[in-house]
1. Say we look at the stretch C:87-102 and pick out the residues that are more than 8 Å from chain B (Cβ to nearest Cβ) and in a strand (DSSP E or B); which of these is surrounded by the most Cβ atoms within 10 Å (Cβ to Cβ)?
2. Right, C:ASP226: within 12 Å of chain B (Cβ to nearest Cβ), touching a residue at least 12 places away in the same chain (Cβ under 8 Å) and at positive phi or not?
3. Any residue at all in the stretch B:65-72 that is farther than 19 Å from B:PHE157 by Cβ and either open to solvent by less than 10 Å² (accessible area, probe 1.4 Å) or not hydrophobic (A, V, I, L, M, F, W, C) (or both)?
4. Within the stretch A:103-111, is even one residue open to solvent by less than 10 Å² (accessible area, probe 1.4 Å), at pLDDT 95 or above, facing chain D (nearest Cβ under 9 Å) and within 16 Å of A:VAL138 (Cα to Cα)?
5. With the condition kept exactly as written, say whether any residue in the stretch D:139-149 is touching a residue at least 24 places away in the same chain (Cβ under 8 Å) and of a type in the set (S, T, N, Q).
6. Which is among the aliphatic types (A, V, I, L, M), assigned to a loop (DSSP other than H, G, I, E, B) and closer than 30 Å to C:PHE157 by Cα, of B:LEU234, B:LEU215?
7. Condition check: more than 12 Å from chain B (Cβ to nearest Cβ), touching a residue at least 24 places away in the same chain (Cβ under 8 Å) and either within 29 Å of C:CYS108 (Cβ to Cβ) or not in a loop (DSSP other than H, G, I, E, B) (or both). Does C:GLU192 satisfy that?
8. In the stretch C:2-31, which residues are modelled with pLDDT of 95 or more, over 18 Å from C:ALA111 (Cβ atoms) and in a loop (DSSP other than H, G, I, E, B)?
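The values are calculated or read from the model by the stated rules, or taken from the named source; none is laboratory data. Computed from a predicted structure; not experimentally measured. Note that each Cβ is placed from the backbone with ideal geometry, even for glycine, and that neighbours are counted across all protein chains shown. Accessible surface is based on the protein model in full, side chains and every heavy atom, while ligands, DNA and RNA are left aside. Shrake-Rupley method; radii C 1.70, N 1.55, O 1.52, S 1.80 Å.
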There are 4 protein chains.
Amino acid sequence: MSEAVEGEPVMRVLLTGFEPFDGEAVNPSWEAVRALQGWQLPALAGQHGPAQVHARRMPCVFGAALQALDAALAELQPSLVIAVGQAGGRSAFTPERVAINIDDGRICDNAGCQPIDVPVVAGAPAAYFSSLPVKRIVQAVRAAGLPAELSNTAGTFVCNHLFYGLMHRLAQPEAQRRGMRGGFIHIPYLPEQAARLPGPPPAMALADVMAALRLAVQASLLPGADLQASGGALH
Amino acid sequence: MSEAVEGEPVMRVLLTGFEPFDGEAVNPSWEAVRALQGWQLPALAGQHGPAQVHARRMPCVFGAALQALDAALAELQPSLVIAVGQAGGRSAFTPERVAINIDDGRICDNAGCQPIDVPVVAGAPAAYFSSLPVKRIVQAVRAAGLPAELSNTAGTFVCNHLFYGLMHRLAQPEAQRRGMRGGFIHIPYLPEQAARLPGPPPAMALADVMAALRLAVQASLLPGADLQASGGALH
Amino acid sequence: MSEAVEGEPVMRVLLTGFEPFDGEAVNPSWEAVRALQGWQLPALAGQHGPAQVHARRMPCVFGAALQALDAALAELQPSLVIAVGQAGGRSAFTPERVAINIDDGRICDNAGCQPIDVPVVAGAPAAYFSSLPVKRIVQAVRAAGLPAELSNTAGTFVCNHLFYGLMHRLAQPEAQRRGMRGGFIHIPYLPEQAARLPGPPPAMALADVMAALRLAVQASLLPGADLQASGGALH
Amino acid sequence: MSEAVEGEPVMRVLLTGFEPFDGEAVNPSWEAVRALQGWQLPALAGQHGPAQVHARRMPCVFGAALQALDAALAELQPSLVIAVGQAGGRSAFTPERVAINIDDGRICDNAGCQPIDVPVVAGAPAAYFSSLPVKRIVQAVRAAGLPAELSNTAGTFVCNHLFYGLMHRLAQPEAQRRGMRGGFIHIPYLPEQAARLPGPPPAMALADVMAALRLAVQASLLPGADLQASGGALH
């Protein structure tokens, strides 16, 4: 039973996508996220109040991505942050389990910078776990007939950089006090990207990515702990 | 410029899909093909007359598939036949180049039969090449932003069996005289199938498969030779 | 029980490998084949007489490869011919089932030529099946603890070109009368190649390729039909 | 120039491998490690003293693996510990960058236990980075003509469990004071395993794994920091 209460404050959900990189003309993360800009979720009685999605585009640049994140956090004061990025070659919608404190660029970022083995945040913990209900998300997306899988590595490029920076911010006392949740989800190429690449690599239709992201937002707004379901990897 | 001429005969296009096999609940080939049942293509001036799609479902059974094909050919007398089948694990829409004269079942067919190294048609040629404009199809599908690739093997299961049987029928004098064209296209899993499989394997949305099939039909109705474009494989 | 009979003629086994192509410094097919040059197989009582391996290197050039093959056939008059080629990206030793009558270069050959959809031999059959006991070979190699698999496509590059040309020669009456057997086997990259490539792709150690080739030669010298064992592919 | 100094203490190098799991009859990690048991490395003047390898087999069981590690550490007081594990499906020798504080079994361990999302060590850091020179190892193995790649996830099964437990022990003050180094390396299937699996998956010959492990030990004994070389992953 869902009902909006007069005057109930609207929770802000920040979804971030990235600008294109690695020679691509589009980035599926930004295409999907911007298509959800303004999406209003009604309150779910006993679970959460009404919410609205705000989409922001991040530069694919070490450092500048975190500045853009800071600006969006300051502007929106969101309750939930889901950062989204392109994982070319993956075949599924993949919530990330863990962000690691390292920048190690296999290629240059969009500003031409290629850091090697430097921490995202000097002196900070080696890793943070996502505070999204990653297994509930995987379960919900699969139940909707779309491929989803938990990932145990977000790489060491700007995606992991943004993810780590986000989790570091969410680990600070003020964010903890406010109960902010956040994490990162990697998504496959769009069909139009795969169509131009050798292989071709797997792809996921934009409408399917959008549907999966909606389910991820809904699952992340529910209170309580994550599912107790196996999502591990042998290696 | 497209225009239907009064009284101009409507060409029949036969699209076949398969029933589910290998433990699956659906077969994307039948889902896509039946969704195109009745599709009417207007005449394309100077190129071809009006056409209409007829969808038929084939059993995933050696022998019986060819009987079903014969029944459909006799009933419809089509000008164009495109047989479609599921290629679980492929990431692209893949027109097949060649059918080979061998049945060699890695698994049992839906009637429990597993032939090993017997010819589809005893005494017939070792192989037939598709008479679809396979490279034109690949080009058209890619241009529409969907992954497509020429395949050089349709395997040795019921898909190749039907493909070979079809090409053998099209090689007979009466079919040659009538200018019948035909071939086979393999398609990826649907997302709802991939969502339940380990990996998961690549998938293609049903709407995208349908769009690609429409382009394949349109390309195949055009008169003339196939594109001169590289579509080869090193191995 | 194996024993050489005084004066018994020695059967000649021709193994061909290719020169490097596609930017590689070595070709594993030639490395493996030349290492078997001169290998003498004793007679196997009741099965076959003594045999000796002759290795020849083929240019990776359409047309010239068949000229080199013709020269080797004329010189050696072999009873058995196994052509070997590199299949970069494959993980197993893969005897090929079928050669198709088409040249379609994805890249240029070593002479800069890139034929598109022309027959290997104009007017000849669409395909030939290998006359090697491909399933017996796969079984023997696996039993020795090495990955092997039947392949249903040799591609459309110089490997298939040589394979088709070989089988066309073996289909001629004189070769048929002499009972010549032949076919093609694709092999993975060597570890030293894979070490320099992104991914990296799978590899097979040279000693393992050589062991597998020895088993292939031994299996191919046995008289009689191939195994009745499933080796098919769904697509 | 290498020379052993009379009376110079011999550094102990602990290599661990695992017992077989997941239905396999062998585990390549134990096969490779036990073949290096007793290997003596001479001193390298100005770099390190003489060293000797001690191989120990670990149970593929959560908890019990760490007890076995503790016993080996107490017995040997090693200067260097390299734990090795099977990563079925990988094509390269892959030093792991980071261990994460989570047990999440996709399958049961050899004692039938399948923990879900519990920490390896409650209250301990979310992750530890390897203290092996992982990039120097990758470079040395590739230079020897063998495929190697840095990995950013060791999974969430017993391999990561042992890796995390090892790094937690090495992070304690006494181990830090002694300058102990350690980490984890995942290796592919052996050819004999791949030969029995569908696909087949990539494999690496035992001799090649042993050669790579020797290089990893040598690189890890060198003093000083790791290479400044890109080894990152986009995702």
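1. C:PHE93
2. It is false that C:ASP226 is within 12 Å of chain B (Cβ to nearest Cβ), touching a residue at least 12 places away in the same chain (Cβ under 8 Å) and at positive phi.
3. Yes, there is a match, as at least one residue in the stretch B:65-72 is farther than 19 Å from B:PHE157 by Cβ and either open to solvent by less than 10 Å² (accessible area, probe 1.4 Å) or not hydrophobic (A, V, I, L, M, F, W, C) (or both).
4. No - not one qualifying residue is present in the stretch A:103-111.
5. Scanning the stretch D:139-149 turns up at least one residue that is touching a residue at least 24 places away in the same chain (Cβ under 8 Å) and of a type in the set (S, T, N, Q).
6. Selected residue: B:LEU234, the only one of B:LEU234, B:LEU215 that is among the aliphatic types (A, V, I, L, M), assigned to a loop (DSSP other than H, G, I, E, B) and closer than 30 Å to C:PHE157 by Cα.
7. yes
8. C:VAL10, C:ALA25, C:VAL26
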